[in-house]
Structure formats: C-alpha cells, structure tokens
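Below is one structure, written out as structure tokens, with a few remarks after it.
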Amino acid sequence: MLLELSYPIDATQPKWPTNPCEYSILETNMNRGDINNTSTIHHHLHNGSHVDAPRHFYRKGRTIDQIPIEDFLFKSPLVVRIEKESGQKITKEDLKVFEEEISLCDLLLVYTGYSDCRADQPSMYCGDFPSWSVEAAQYLRSGFPKLKGIAMDFLSVDSSVTGGRDGFPVHHAFLDEDADHPTRTLLLFEDIDTGKLWKTASKAKAVYAFPLRLTGLEASPISMIAEL
C-alpha cells in the first residue's frame, strides 16, 4: 500500500508569508478552440511540499541536481509525535526522548499536530507556526550518521516571525557545507503531511521523495510517498 504524504500543488495553498503565489498559466485551451491543452507553470519552489538543498542559504552549497538520487530514497523512516503549538520550537530535549530510534533511521518525520489546521485555517497555518531550535538542528546533524533528511508538518524550519530577522539560523545549521559544518548536510522536507503517516495503523518500510532535477537551483517540489 502506498500513502501520499505530499500535498497537491495549487494557487491557494498555504505558503511562507512573503513568497509569491503565482502558480500556472494555461497556454492553450481546448475550451477556446485550441487543438490541445498545454500549460506553463510559474511556481515558487518553496511553496507547497518541497525539499531544500544546501544551496538554499549557502552560495557554494550543492544544488538540487547535485544531490545523489539515492539520498531521496529512505529505507528506515521514523515518524514521531512532538506536539507543538503556534510559535513553539522543537528542541534537543524533545528529540532526546527518541534518541535510540533516531539512531536507526535515515528519515525523521515529525508530526506536531499543527498541520491539522492547514485545510480549514490556512491563515493560522501560515502564521506563527512551530519551528526548530538551532540546538536541535545541530544535535541531529552531528549525532546521527545514518540520518539523511528531516520532514515536518509545517512550512519552514525557521520561524516566520524571527527567522528573517535572525538570518535564518536553523536553515544554516541544517544545510551549510562549510568549514564550520564538517558533517554531512540534512535535506529538509517542508510542508509535509506527516500526520497521515502517524495516524495510520501501518508502519512505513520505505519513503520515496524524489525531486525534479532542476539544474543549478536550490530546491524542488517533491512527491513524498510512504510504502506501508
């Protein structure tokens, strides 16, 4: 059985407050007498379910096409429930409860419960959503060599309130590939329906989260599928 954890992309989806919202333009339309339907998509790469590559906040970081394709296949996924409300951060202490399980996984999916408001309260979902602490990011990156990626049920690892003001420190902690970050980067999967996996009675034996191979770019939309 396959379970889709990414959201369909459309023009009304919740997004980071300052991101552009343009989605698509239908170039030919059979309802107007054209011979077929063809579309050109105008889509901001950080809207909807997507993955961040190191280039997102580090100018010398790898782009989405430079990440090995096997890094988007996860054979030991783990979903955990860490309940958080508006403005609260995922901390190192929250994660230490699951330390043994995380040491065995290659993808950590976090369900905070905040995504339960995505459909009915999109303005709340786009507001002061939960985020990560820098310490939690450093803990995961340095302490778990099998881990390749993090997925979450909110819009960004950095706070929408303080992230920009502070220089997006959590993105840097997870993604930068410089002398100050000697361990491998962790891919960031943002705006993912992790709750769907948490609520199922079955365990995921694999997760597939393949991106578009966009040459030279810092992110990509993804389809994230759990195999149960």
(message) Can you return the lysines within cross-link range of Lys15? Criterion is Cα-Cα under 22 Å, with same-chain partners fewer than 8 residues away left out.
(response) Lys84, Lys89, Lys196
(request) Quick one: dipole size for segment 21-141, taken about the Cα centre, charges +1 on Lys/Arg Cβ and -1 on Asp/Glu Cβ, in debye to the nearest 20. (result) 380
(request) Report, to the nearest 10°, how far helix 134-143 tilts away from the longest principal axis of the Cα atoms in the chain, using its own Cα long axis and a range of 0 to 90°. (result) 70
(message) Please enumerate, by chain and number, the lysines with C-alpha under 16 Å from the C-alpha of Lys203, excluding those fewer than 8 residues away in the same chain.
(response) Lys75
(request) Compute the accessible area per residue over the chain, keeping the other protein chains in place, probe 1.4 Å, unit Å². (result) 48
(request) Of the listed values (1) 16.0, 42; (2) 19.6, 60; (3) 17.6, 61, grab the one calculated as Rg and Dmax of the Cα atoms in Å from the structure here. (result) (3)
(request) Report, ordered by chain and residue number, the lysines lying within cross-link reach of Lys60, taken as a straight Cα distance under 26 Å and ignoring same-chain residues fewer than 8 apart. (result) Lys146, Lys148
(request) Please name whichever of Pro68, Ser86, Ser24 sits farthest to the positive end of the charge dipole of the chain, dipole taken about the Cα centre and charges placed at Cβ: Lys and Arg +1, Asp and Glu -1. (result) Pro68
(request) With runs of 4+ DSSP H residues as the only contributors, calculate the mean residue ellipticity of the chain at 222 nm using -39,500 (n - 2.57) per run, divided by the residue total and rounded to the nearest 500. (result) -4000 deg cm²/dmol
(request) Please report, in whole Å, how far the alpha carbons of segment 115-228 spread along each principal axis, starting with the longest. (result) 42, 33, 31
(message) Can you compute 3J(HN,Hα) from phi for each residue in segment 157-163, using the Karplus curve 6.51 cos²θ - 1.76 cosθ + 1.60 with θ = phi - 60°, rounded to whole Hz and x for Gly and Pro?
(response) 5, 9, 5, 6, 8, 10, x
(request) Could you go through segment 76-87 in sequence order and give the Karplus-derived ³J(HN,Hα) for each residue, using 6.51 cos²θ - 1.76 cosθ + 1.60 with θ = phi - 60°, rounded to whole Hz, and x for Gly and Pro? (result) 9, x, 9, 10, 10, 9, 10, 5, 9, 10, 3, x
(request) For the chain, give the share of DSSP beta bridges that are antiparallel, in percent and rounded to the nearest 5; count only bridges with both residues there. (result) 60
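The values are calculated or read from the model by the stated rules, or taken from the named source; none is laboratory data. This structure is a prediction, so every number in the text was calculated from the model and none was measured. As a convention, Cβ positions derive from the backbone with ideal geometry for all residues, glycine included, and neighbour counts pool all protein chains shown. Only protein heavy atoms, including side chains, enter the accessible area calculation; ligands, DNA and RNA are left aside. Shrake-Rupley method; radii C 1.70, N 1.55, O 1.52, S 1.80 Å.
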